[in-house]
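Read the figures in this text as sums done on the coordinates, not as results from a lab. Quick caveat: nothing in here was measured; it's all calculated off a predicted structure. Virtual Cβ from ideal backbone geometry, glycine too; neighbours counted across all protein chains shown.
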Amino acid sequence: MNKDDKIAKLERQLAQEKAKNKQLEKSVNIIGKKYSESEKKYYDMSEENNKLKLFIKSLKDSYNVNQMYLWAQKNEKFKQSDLKALKNLLFSYQVDPKDTFKEDIAEAANDKFIVSKDDIPNGISEEELLRDKVSKKRGRQPEVKTCGRDNSVFDHLDVVETVFNNKEKILERNPKLQLTFERIDTSMQIDYVEAHNINRKTVTYIYRDQYDNLHDYNFNNSKVYDFIKNGKLTNRFLSSIIVDKVIYGQPLHLLTKKMNLVSNYEIVNNQLLCSNFMRVGERLSFFAELIRENILKESCFHADETRLKVIDYENKSKEGSKLGYMWSLSCDTSNLKAVYYKFNISRGTAVATQLLEGVTNGALQTDAYSVYVKAIQRENERILKEVEEENGLELAERFNNEMISNNLKGLVLVGCLAHGRRKIKDLQNSIYKKKPRSAGAVTCAGILALIMKVYAYEKSTRELYNNGSLTEEQFIKERKAKTEPVLKELLNYAKKRKAKHSTEKKLEKALNYLIKQHSIIINYLDYSALTPDNNFQERQFRSTIIRTRNNSLFASNENGAKAWAINTTIAQSAILNNINPTRYFKYILDEIGSNLDTPANKMDYEKLLPWKVDYKTVEDSWSR
């Protein structure tokens with residue numbers, strides 16, 4: 001090939017390359033144009049979307065149905081059939097935001113049971129009478145926060161960071177750009193760290209002297225914190241299984257399986273856990289008694305009891321188990337939050353008297369069980385005798401007269417309004433649900449409307465007291481002024497309606513309860529720490545004893561049930577004072593274990609009580 005042919009070939013190749021470059025440039029221009037157009041559309045859509053969101057929000061806030069329909073007419077996406085359906089939907093019913101009960105009361109009024117003015121309690125409108133009949137809508141109220149909506153839940157947990165280092169990948173994609181990086185938190189999640197068991201090896205030193213004699217100086221100091229000396233389980237392990245049992249309701253035989261599965265080996269057995277559980281309870285009985293004494297020093301406290309089965313190894317009963325009772329005292333005042341449990345086979349007055357032993361004055365709120373009345377009478381007789389011995393007969397008689405006139409002397413019994421309400425509500429939901437026009441249904445609605453008013457006044461005045469708007473004296477005075485007339489009307493209405501229900505034994509019995517208990521229910525108005533009911537005590541039972549009882553069914557023996565009561569006393573009192581029960585239990589096992597050889601009269605165990613300990617000290621003890 002000569003020189004001219006080579007030049008011609010190169011020119012052809014050059015022309016082909018130019019044509020390719022032009023085509024490529026044209027394609028790039030087209031792609032760039034389409035990208036800019038799509039980007040513009042995206043921003044336009046985003047802006048339109050934001051405007052639409054704001055518009056919809058304003059519609060929701062204003063409830064402007066006409067404006068919503070006009071907007072739908074202008075929107076091309078709505079067909080005529082859609083507009084017609086929307087019109088029927090929007091204009092058929094309009095919500096009045098000021099009256100949230102309007103629709104529900106209208107539904108209740110459809111029952112058409114007509115009542116006369118004589119049937120309605122004084123101070124209660126017919127609308128309020130119907131309102132209690134309305135069933136509440138299911139679901140949480142908007143103001144009630146849950147873990148899903150409440151981000152503050154993360155503030156209570158330790159944070160372990162997981163950093164995704166994507167700097168290198170970003171730099172590889174943009175090698176020619178000078179980039180600066182900013183750290184951002186992309187998510188916060190709750191993680192679960194699986195528990196695991198370890199062996200704690202205790203190491204100490206021995207030494208030989210100059211004569212080669214071997215010494216084991218201060219050998220026991222290496223395990224000075226162990227609550228059970230020379231035991232197989234550490235204080236941390238003991239506190240974990242005890243709290244899992246008494247607070248979270250896990251039976252010991254399941255805890256045995258759990259610990260062995262986690263360790264992939266049989267490290268403990270049921271007998272070992274049971275014996276240690278009981279030994280801890282027996283040794284801490286004095287500490288539970290200290291909590292009881294502090295509760296009885298307060299001006300107000302609660303009491304109740306619930307059943308607990310115990311295995312009967314002597315086969316005294318046909319079922320192989322006998323019925324015992326878990327008694328309880330609790331306190332929820334501004335000075336003290338605590339609970340005390342005591343197990344006993346009996347449900348008699350002697351146990352109630354033991355529960356209140358040592359009390360000097362105060363108010364005991366409980367249900368209508370007669371043993372508390374007898375126990376209070378015995379304690380007041382004891383208090384009178386002590387006053388007579390110390391101050392003479394004249395002062396004792398004056399003290400007795402003040403006690404009789406209910407001048408807050410001695411021990412005062414306070415009733416529970418929730419028990420009376422529950423009896424009426426059960427009848428309304430069962431017998432009178434299918435008889436809405438009957439006299440019994442009217443009576444139930446009237447009683448419940450009055451009780452609702454009592455709780456409404458309790459809520460409004462207590463909110464003012466809690467936020468500091470009212471002093472304690474002002475709160476007692478204002479609550480009494482509002483609530484006492486309603487409670488008197490409740491008594492009069494119950495007496496008035498009782499005559500109409502002489503043939504309805506269940507309703508008559510429920511009305512009798514309210515009439516007989518009125519004189520002691522009203523006593524709560526003299527104490528700022530008390531409410532109309534004994535629900536605080538019942539919540540303590542539900543959160544511990546009842547939950548555990550449903551899983552464990554029974555205690556293995558009476559000593560086990562007593563240990564159950566003592567351990568629950570300590571753990572539940574820690575929870576009431578916002579302390580981690582597992583870590584608190586380990587803390588007191590460490591402190592008491594290190595002073596087992598010290599005489600009790602030389603130890604200040606008061607500083608270990610859950611409302612007196614330092615939170616940081618308890619947390620630090622967990623890693624010790």
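The figures follow:
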| quantity | calculated |
| --- | --- |
| Amide hydrogen neighbours beyond the local backbone of LYS309, cut-off 5 Å, H modeled | GLY324, ALA555 |
| Summed side-chain charge close to ARG279 - residues other than ARG279 whose Cβ falls under 13 Å, Lys, Arg +1, Asp, Glu -1 | +2 |
| Charge sum, other residues only, whose C-beta stays under 11 Å from SER334's C-beta, Lys/Arg counted +1 and Asp/Glu -1 | -2 |
| Amide H contacts under 5 Å for VAL414, placed H, 5+ residues apart | LEU364, GLN365, THR366 |
| Neighbour net charge for ILE579 - beta-carbon separation under 12 angstrom, K R +1, D E -1 | +3 |
